[in-house]
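> The structure follows.
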Amino acid sequence: MLKEIAIVCAAIVLPCAGSQSFGQNPSRIPAMGPSELDQRDALLRQWSESSDGINALDGAVLRIVYENTFCTESRSIGKLSYEKPDKGFIIFAPEPVTPQILQAREKQVEDALREGKPSPVMQNRQTGKPYQLTPDSANEFWCDGKKVYEIDKDAKEAIIADLPPQLNGRNIMESPLPFFFGMPPERANRRFEIGFSAGAAPKPDAVQVQLVVFPNEPQDAQKWHHADVILNLQTYLPVAVRVYDPAQTRVTVYSFADLKVNPRSLLARNYAPSLNGLKVTYVQSGNQGADGPPIAGVPEGNPAVVPNLKGMNHKDALQKLAQLGLTRDTQKPENSRVLVYKGNKTNVPAQVHTVETQSPAPGTPIQKDTRVTLNLLIP
């Protein structure tokens, strides 16, 4: 079921904002008249009210990450659970890459080409071949109502922090799974610019609607450029969410299935993860990097330093650097604090697009002008 939804979501032609950046375009959504705006606000209100009635929820989620710079695709299968007001977990495990899966992808591309249909598989524009499948990360997000846990199973690391006030209530789902719950139109329209993807409201008999969402607040725009949301109009739960990073080179798709609202039994729920065998870092308020703002994963009183990234998958390396305020800007390299280059070739598939070398060296204190250079192994 999850795979079928993912294929449908991947094949949809979605609006794209091109290279426009935050604040440059006063209207980034398709044009809508007064009637469409009223219907949009009515939809947002219904979505919010429906979310208010969710006391508990369980389900499955498929996460697909497309790296357009390297033409790679990674998949992980997950499960999620939520309990009102602010308990929940989301657990992702990599989907195995088998010869059977690779053959099936090749056949899907060939069949689509022969039938003149859009390919359900992302393709390299230069070669026409499907994106290369790479192992995804095994990570978990937990909240027990008091603390937030972010666990990297591959690195055997866990970051624990007190639950921030802004994540109280159902907002705990916003970080790992954006746009899972609705919010009142007054709040939603203040924080986001939201429109129907085609500019037209759904027909009366429509079973789902596709929305395009742009951030209005700088703290959101630093994390994502825009998102596309497919919402079920019967349950007011998301079918799929597609999120573009600020440079629009990385696209993350979440597809949902088997969502159960307010299941009868809550006896077996546990929202405290096991930390056995993990290196645990406690995040306290007041920890700051060289630029001033708090840095996730750095305990108070410890200076932020460049981590050891050698051998790490490039996606995980970029994510770890971003947590330290070192972000990559492919559209404006002069502003980028992370530079990525092709390194030597490797014959080992598992090493493809992992960090071969880095500069500066691990342990170097992060300053305001620090720029990290990564060289990645290539096939």
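Just so it is clear, none of the values below were taken in a lab; they were calculated from the coordinates. Just so you know, these numbers come straight off a predicted model, no measurement behind them. Cβ placement follows ideal geometry from the backbone for every residue including glycine, while neighbour counts extend to all protein chains displayed.
> Cα to Cα, under 18 Å, and not fewer than 8 places away if on the same chain: which aspartates and glutamates meet these conditions relative to K345?
E356
> Go through the stretch 54-69 residue by residue and turn each phi into a ³J(HN,Hα) via Karplus (6.51, -1.76, 1.60, θ = phi - 60°); whole Hz please, and just put x for glycine and proline.
For the stretch 54-69, the Karplus-derived couplings read 8, 9, 7, 7, 10, x, 10, 9, 10, 10, 10, 10, 9, 9, 6, 5 Hz, x marking Gly and Pro.
> Which order results if D205, D162 are arranged by neighbouring Cβ count within 10 Å, fewest first?
Lowest count first: D205, D162.
> Suppose R0 equals 56 Å; then what is the FRET efficiency for K279 and S35 from their Cβ-Cβ distance, rounded to the nearest 0.05?
It comes out at approximately 0.50.
> A follow-up question, please. Lysines within cross-link reach of K84: Cα-Cα under 23 Å, excluding same-chain residues under 8 positions apart?
Result set, ordered by chain and number: K146, K147, K260.
> Another question about this same structure. Could you work out how far apart the two model spin labels at K368 and K223 are, taking each label as a point 7 Å from the Cα in the direction of the beta carbon, and quote it in nm?
2.7 nm
> Cα gyration tensor of the stretch 304-378, axes a ≥ b ≥ c as square roots of the eigenvalues: rounded (a/c below 1.5), prolate (a/b > b/c) or oblate?
Since a/c reaches 1.5 and a/b is larger than b/c, the shape of the stretch 304-378 is classed as prolate.
> In percent, how large is the relative contact order of the stretch 304-378, given Cα pairs closer than 8 Å and 6 or more residues apart?
Numbers: 135 pairs, mean separation 31.1, N = 75.
41 percent.
> Please give the charge dipole size of the stretch 304-378, origin at the Cα centre, charges +1 on K and R Cβ atoms and -1 on D and E Cβ atoms. Round to the nearest 20 debye.
60 debye
> Which order do peptides 44-54, 340-350, 206-216 fall in by mean Cβ count within 10 Å, highest first?
Descending packing order for the listed peptides: 206-216, 44-54, 340-350.
> Another one. Given a cut-off of 14 Å, what percent of all Cα-Cα pairs of the stretch 75-156 lie beyond it? All intermediate terms of the calculation are to be shown ahead of the outcome.
Working: 2372 of 3321 pairs.
Cα-Cα pairs in the stretch 75-156 separated by more than 14 Å: 71 percent.
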